[in-house]
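What follows is a set of notes on a single structure, which appears directly below.
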Amino acid sequence: MSAPSVRPVSEREARQVAEAAREQDWKKPSFAKELFLGRFRLDLIHPHPSPAVEDVRRGEEFLSKLRDFCETRIDSARIEREARIPDETIEGLKQLGALGMKIDTKYGGLGLTQVYYNKALALVGSASPAIGALLSAHQSIGVPQPLKLFGTQEQRDAFLPRCARTDISAFLLTEPDVGSDPARLGTLAVPDGDDYVLDGVKLWTTNGVVADLLVVMARVPRSEGHKGGITAFVVEAASEGVTVENRNAFMGLRGLENGVTRFHQVRVPAAQRIGPEGAGLKIALTTLNTGRLSLPAMCVGAGKWCLKIAREWSTVREQWGRPIARHEAVGSKIAFIAATTFALEAVVDLSSQMADEDRNDIRIEAALAKLYGSEMGWLMADELVQIRGGRGFETAASLAARGERAVPAEQILRDLRINRIFEGSSEIMHLLIAREAVDAHLSVAGDLIDPEKTLGEKAKAGARAGGFYARWLPKLVTGPGQLPRTYTEFHPPGHRDLSGHLRFAERSSRRLARSTFYAMSRWQGRLETKQGFLGRIVDIGAELFAISAACVRAEALRAEGDHGTEAYQLADAFCRQSRIRVEELFGRLWTNTDELDRKVVSSVMSGAYEWLERGVVDPSGEGPWIADATPGPSKAENVHRPIH
């Protein structure tokens, strides 16, 4: 059965599909959700939650084995040179149990907590980001996580033992002309008796080249007895009609087994459908709620490595009679790396522990961690390259060839760049988080700005909104952040004073909520088009979450007697740096070039500035901007290579 490669949809339909996939209810408290509403619920994260003793024992035991493996059996330079993870390295990871870190022990996995899974990813990702990506894609978004959350017992029994020890999995959603707009999904899954028949093309299938099992998102047509909609399936990669047509190559993560996969008349038993028809996108988004934490975890590992290299290099490299670290221009970069690494680890550990305890809804916290981690990880790597100077731009192989330490600073910059795009680009994360941030407002006042609602529905919405805002707005005027003696437990004797930073966060939380309300009042239904404003709102929330996490982590380390003095100093430094960014973002909410930028963009797109492009040549090759993804039999060689 043929179909157009891209399904045309209206803007409204695209929004409706995305909205239907959202988790609508908030059954558990959320620190970040409350933060955006101007309610600074420190009690939800302080005292810092702690893992169970047995979880720590098992986690540390595995980390010890993994560290030995990373130091003795992972050749990062070889992976970079050959653009491939050696088969024997992957086999060693299988034997170690690394494929089953998050899989329950009853299925042959290690049953690690989210905290220790993330610590493991940070460790192995520091040895080879490509291996970190392989393990993360396999467990965070591949077959294990959706089956754990939505699979039947029969599916878990059939597939989880394989995923825990031998089989690599991949997640296939993106298509050549479908990225973050799944309403346009072109891959079809047509019901045929007890099977579905899959046709379509998937792009950027991380692990897809070597995968044994695939989670595939496809659109089931509505028909008699079939609700239809975007649906998730477990597909055997070796099935007839599955072809890996290309192994893609990238700026970084050169060992990544990422490809293009075509499905032609692939029969998938209905028993391998995950959840009901039409639930695929919701399954994907729910899986990512905690799955997104793996990416910032690896950014933490990158930050730690950047700090190590910056410290060691800056003490031996002298300029004008003293180590470069003693020059303020370089020292400020080192301080940024150190303070940001501390805060980012605080954000990831706090979010991970909350995920393990399952007392809080962390969908916004995980999204903020992903957004913040990917942006800050990139900045830290960029600063390291600058600190290293010309050596930062030189490859590790070239450094070694002329007799110097082979420090892959330029590689980590390339490897980290994808994190701002992976698993939801920063732009999409801004919109996703912004939607959750204004959820309370849309719940009570959304009908007021919906052009399709009747006057009667708008009147009812007006009454609801009036009651909500009459109760909510007065609470945004004053709060604990204006009282000089609040949060005094964060100013213990002999330590830096962090209480003022938490008071700032509380005040800023209310200011953030007031700004959001004012924007809704000013722009109403047009607010969703004000992506610059919404992005800054989210960035402020991310900074406030990081400030809170850093302070809570510092106090927890002090209470445990674990580098408390140093932790307080790092938290203080981070909070001071962050507060400057917050104030700048608040200023840019209302003083910016957004309107002018839109006019410039219109002129660019109309060709008014084509004269500015003269004087260069374009070295790009020939070919379409987007490859044809029309369903049909493959004409390419199958480059699928399972590792067994």
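Can you give the three extents of the C-alpha atoms in region 143-194 along their principal axes, from longest to shortest, in whole Å?
Projected onto its principal axes, the Cα set of region 143-194 covers 35, 28, 19 Å.
Only Cα pairs under 8 Å and at least 6 apart count here; give the relative contact order of the chain as a rounded whole percent.
Dividing the mean separation by the residue count of the chain yields 18 percent.
Please give every one of the lysines within straight-line cross-link reach of LYS599, meaning a C-alpha to C-alpha distance under 23 Å, and leave out same-chain neighbours fewer than 8 residues apart.
Within the straight-line limit of under 23 Å, LYS599 reaches these lysines: LYS530.
Between ARG464 and ARG598, what length comes free when the chain is fully extended (0.36 nm per residue of separation minus the Cα-Cα distance, one decimal in nm)?
Full-extension gain reported as 44.7 nm.
Please work out the average accessible area per residue across region 117-254, using the 1.4 Å probe convention, and give it in Å².
The answer is 32 Å² per residue.
Just going by the charge dipole of the chain, with Lys and Arg at +1 and Asp and Glu at -1 on Cβ, which of VAL639, PHE36, SER140 is farthest out on the positive end?
PHE36
When the gyration tensor of region 192-333 is built from Cα positions, what are the square roots of 5 times its three eigenvalues, in whole Å, from largest to smallest?
Largest first, region 192-333 gives 49, 18, 10 Å.
At 0.36 nm per residue, minus the direct Cα-Cα distance, what do LEU473 and ARG165 gain on full extension? Give it in nm, one decimal, please.
Extending this stretch completely gives an extra 105.4 nm.
Whenever you get a sec, line up GLU436, GLU404, GLU82 from highest to lowest accessible area (probe 1.4 Å, protein heavy atoms).
The ordering from most to least exposed comes out as GLU82, GLU404, GLU436.
Give me the log10 of I(q) over I(0) for region 308-382 at q = 0.12, 0.14, 0.24, 0.28 Å⁻¹, as the Debye formula computes it from C-alpha points; what are the numbers?
Evaluating at q = 0.12, 0.14, 0.24, 0.28 Å⁻¹ gives log10 I(q)/I(0) of -0.46, -0.56, -1.02, -1.21.
Grab the beta carbon distance between VAL53 and TRP523, set R0 = 60 Å, and tell me the FRET efficiency rounded to 0.05.
With a Förster radius of 60 Å, E is 0.70.
Which aspartates and glutamates, if any, have their Cα less than 20 Å from the Cα of LYS94, not counting same-chain residues under 8 positions apart?
Counting by Cα, and skipping residues close in sequence, LYS94 has these aspartates and glutamates nearby: GLU60, GLU61, ASP68, GLU71, ASP75, ASP104, ASP157, ASP167, ASP212, GLU236, GLU257.
Could you give the dipole magnitude of the chain about its Cα centre, charging the beta-carbon of Lys and Arg +1 and that of Asp and Glu -1, in debye to the nearest 20? Present the calculation step by step, with values, prior to reporting the outcome.
Values: 83 positive and 84 negative charges, 340 e Å.
Rounded to the nearest 20 debye, it is 1640 debye.
Just the number, please: Stokes-Einstein D of region 493-579 in µm²/s, Kirkwood Rh from C-alpha pairs, 25 °C, 0.890 mPa s.
After rounding, the answer is 171 µm²/s.
Which residue, THR113, LEU93, SER64, has the largest displacement toward the positive end of the dipole of region 61-113 when charges sit on each Cβ (Lys, Arg +1; Asp, Glu -1)?
THR113
What residues of region 602-644 lie in the reach of a label at GLU88, counting those whose backbone N is under 19 Å from a point 7 Å from the Cα along Cα→Cβ?
Taking a point 7 Å out along Cα→Cβ of GLU88, the residues of region 602-644 whose backbone N falls under 19 Å are 643-644.
So what does the Cα-only Debye profile of region 385-458 read at q = 0.20, 0.24 Å⁻¹, as log10 I(q)/I(0), no solvent term?
-0.87, -0.99
Would you mind estimating how fast region 193-233 diffuses translationally, via Stokes-Einstein at 37 °C and 0.692 mPa s with the Kirkwood radius over Cα pairs, in µm²/s?
D, rounded to a whole number, is 274 µm²/s.
If you average over every viewing direction, what projected area does the convex hull of the Cα atoms of the chain give, in nm²?
32.6
Can you give the relative contact order of region 477-521 as a percent, counting alpha carbon pairs under 8 Å and 6+ residues apart? Don't skip to the answer; put the middle values down first.
Numbers: 31 pairs, mean separation 17.6, N = 45.
Computed value for region 477-521: 39 percent relative contact order.
Based on the inverse mean of 1/r over its pairs of different Cα atoms, what is the Kirkwood hydrodynamic radius of region 50-149, in Å?
After inverting the mean inverse Cα-Cα distance, the result is 13.8 Å.
At each listed q (0.18 Å⁻¹), what is the log10 of I(q)/I(0) that the Debye formula gives for region 510-556 modelled as equal alpha-carbon point scatterers?
For the requested q values the scattering log ratios are -0.60.
Need the list of lysines near LYS333 for cross-linking: C-alpha distance under 29 angstrom, and skip anything on the same chain fewer than eight residues off.
Output for LYS333: LYS119, LYS304, LYS308, LYS370.
Can you tell me the equivalent ellipsoid semi-axes for region 490-644? Use √(5λ) from the Cα gyration tensor, largest first, whole Å.
Whole-Å semi-axes of the equivalent ellipsoid: 45, 29, 17.
Quick one: if the Förster radius is 35 Å, what FRET efficiency do GLU427 and ARG614 give, using the C-beta to C-beta distance and rounding to 0.05?
It comes out at approximately 0.70.
So what are the ³J(HN,Hα) numbers for region 417-424, from phi and the Karplus equation (6.51, -1.76, 1.60; θ = phi - 60°), rounded to whole Hz, Gly and Pro as x?
4, 5, 5, 7, 10, 3, 6, x
Given the C-alpha atoms of region 252-403, compute the convex hull and give its volume per residue in Å³.
164
Starting from the Cα of HIS644, step 7 Å toward the Cβ, then list every residue of region 224-266 with an amide N under 15 Å from that point.
Zone members listed by number: 236-240.
Could you pull the Cα extents of region 530-612 along its three principal axes, largest to smallest, in whole Å?
64, 24, 15
Using the reciprocal of the averaged 1/r over all distinct C-alpha pairs, how large is the Kirkwood radius of region 95-217 in Å? Please report the intermediate quantities before stating the final value.
Details: mean 1/r = 0.0651 Å⁻¹.
Evaluated on region 95-217, it is 15.4 Å.
What is the percent carbon and sulfur in the accessible area of region 332-443, measuring with a 1.4 Å probe over the protein chains and ignoring ligands? Show your work: numbers first, answer last.
Details: 2130 of 3740 Å².
Carbon-and-sulfur percentage of accessible area, whole number: 57.
How high is the FRET efficiency from ALA406 to ARG326, r the C-beta distance, R0 25 Å, rounded to 0.05?
0.45
I need the P(r) histogram for region 336-452: all alpha carbon pairs, bin width 10 Å from 0 out to the longest distance, whole percents.
Per 10 Å bin, starting at zero, the Cα-Cα P(r) for region 336-452 comes out as 12, 28, 28, 18, 9, 4, 1, 0 percent.
The values are calculated or read from the model by the stated rules, or taken from the named source; none is laboratory data. A quick note: this is a predicted structure, and the numbers were derived from the prediction, not measured. Cβ atoms come from the backbone with ideal geometry, glycine included; neighbour counts cover every protein chain shown. The accessibility values were calculated without ligands, DNA or RNA, using every heavy atom of the protein model including side chains. Shrake-Rupley method; radii C 1.70, N 1.55, O 1.52, S 1.80 Å.
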